[in-house]
1. Are any of the residues in the range 109-124 surrounded by 15 or more Cβ atoms within 10 Å (Cβ to Cβ) and among the hydroxyl-bearing types (Ser, Thr, Tyr)?
2. Could you run through the range 109-158 and say how many residues are part of a loop (DSSP other than H, G, I, E, B), farther than 16 Å from residue 170 by Cα and at pLDDT below 90?
3. I need every pair where a residue in the range 38-54 that is in contact (Cβ under 8 Å) with a residue 40 or more places away in the chain has its Cβ under 9 Å from the Cβ of a residue that is surrounded by fewer than 15 Cβ atoms within 10 Å (Cβ to Cβ), sequence separation at least 6 or different chains.
4. Take the residues of the range 70-108 that are small (Gly, Ala, Ser) and in a helix (DSSP H, G or I): which is surrounded by the most Cβ atoms within 10 Å (Cβ to Cβ)?
5. Please specify each residue of the range 30-49 satisfying the condition of being part of a loop (DSSP other than H, G, I, E, B) and over 21 Å from the mean Cα position of the chain (by Cα).
6. Would you check if residue 173 is modelled with pLDDT of 90 or more, assigned to a helix (DSSP H, G or I) and more than 27 Å from residue 22 (Cα to Cα)?
7. Pairs, please: C-beta under 7 Å, at least 6 apart or cross-chain, first residue in a helix (DSSP H, G or I) and in the range 202-219, second at pLDDT below 90?
Amino acid sequence: MTRAGDTLPAVARLLLIEDDLTIRAPLVRALRERGHAVAAASTAMTGLRDALDDRPDLVVLDLGLPDLDGRELLRMLRAVSAVPVIVATARDDEREIVRVLDAGADDYVVKPFTAAQLDARVRAVLRRGPGGQPEDPTVVVGGLRIDPRSRQVDLDGEPVELTPREFDLLRHLATRVGEVVTKRELLTEVWQIPYGGADKTVDVHLSWLRRKLGESAQRPRYLHTVRGVGVRLVTPEVDG
């Protein structure tokens, strides 16, 4: 199970596979400024060779590569390596994102994104342990069980049917159990959109999520609103 505070490599060695120089160059520079050792490749086959020869700690993979679709490269990489992969894509269709995760990606980030957002994703994946693969990635909060690999959620032993967006929302809150997460962060990290006037989107999805967890804003169990700040996921208090 992933735990906050797990140790990271002293210097993470990243491989960025991105064909667009206007994205690649500033991103390499920004990640280096954040303490990472970054190599870059502009084609799929060069990236595959570099991943096998140099054995980076993590690969950041663009899907729109000139010689091969990034999803196909991901399958090829997964056949020969367990290196963690974060997919960076302009494709924000939820079905495509699910296909990418099913193909073996550890996480994804939708363009446009900031270096700070990507750095946070990198650190979160690397905290999972050697090779980026946690022994048990499942998060358990009270009777709630969240499995990010299968994207399945159980509540008190019963499956909960969530949309991809609802799952991503719950998963993000589960990485910060007990902490207040702001709507700004949820919009940025879950919806990949800038904050400003769209916080009703968060409210609506939280309402749907609460309903599926058998609670309401007036009678919360897991999802507690902190008025004017955000929401936090907690272990319910045991009656009696």
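The values are calculated or read from the model by the stated rules, or taken from the named source; none is laboratory data. Computed from a predicted model, the values in this text were never measured in an experiment. Every residue, glycine among them, receives a Cβ derived from its backbone with ideal geometry; neighbour counts consider all protein chains shown.
1. No, because not a single residue in the range 109-124 is surrounded by 15 or more Cβ atoms within 10 Å (Cβ to Cβ) and among the hydroxyl-bearing types (Ser, Thr, Tyr).
2. Counting residues in the range 109-158 that are part of a loop (DSSP other than H, G, I, E, B), farther than 16 Å from residue 170 by Cα and at pLDDT below 90 gives 11.
3. Cβ pairs passing all conditions: 54/13.
4. 70
5. 42, 43, listed by residue number.
6. yes
7. Pairs that qualify, where the first residue is in a helix (DSSP H, G or I) and the partner is at pLDDT below 90, are 202/183; 202/186; 202/187; 205/165; 210/217.
Let's see how each residue does on (1) of a type in the set (Gly, Ala, Ser); (2) outside the structural domain of residue 175 (by TED's automatic domain parsing); (3) touching a Ser or Thr at 6+ places or on another chain (Cβ under 9 Å):
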position	(1), (2), (3)
84	no, yes, no
98	no, yes, no
104	yes, yes, no
127	no, yes, yes
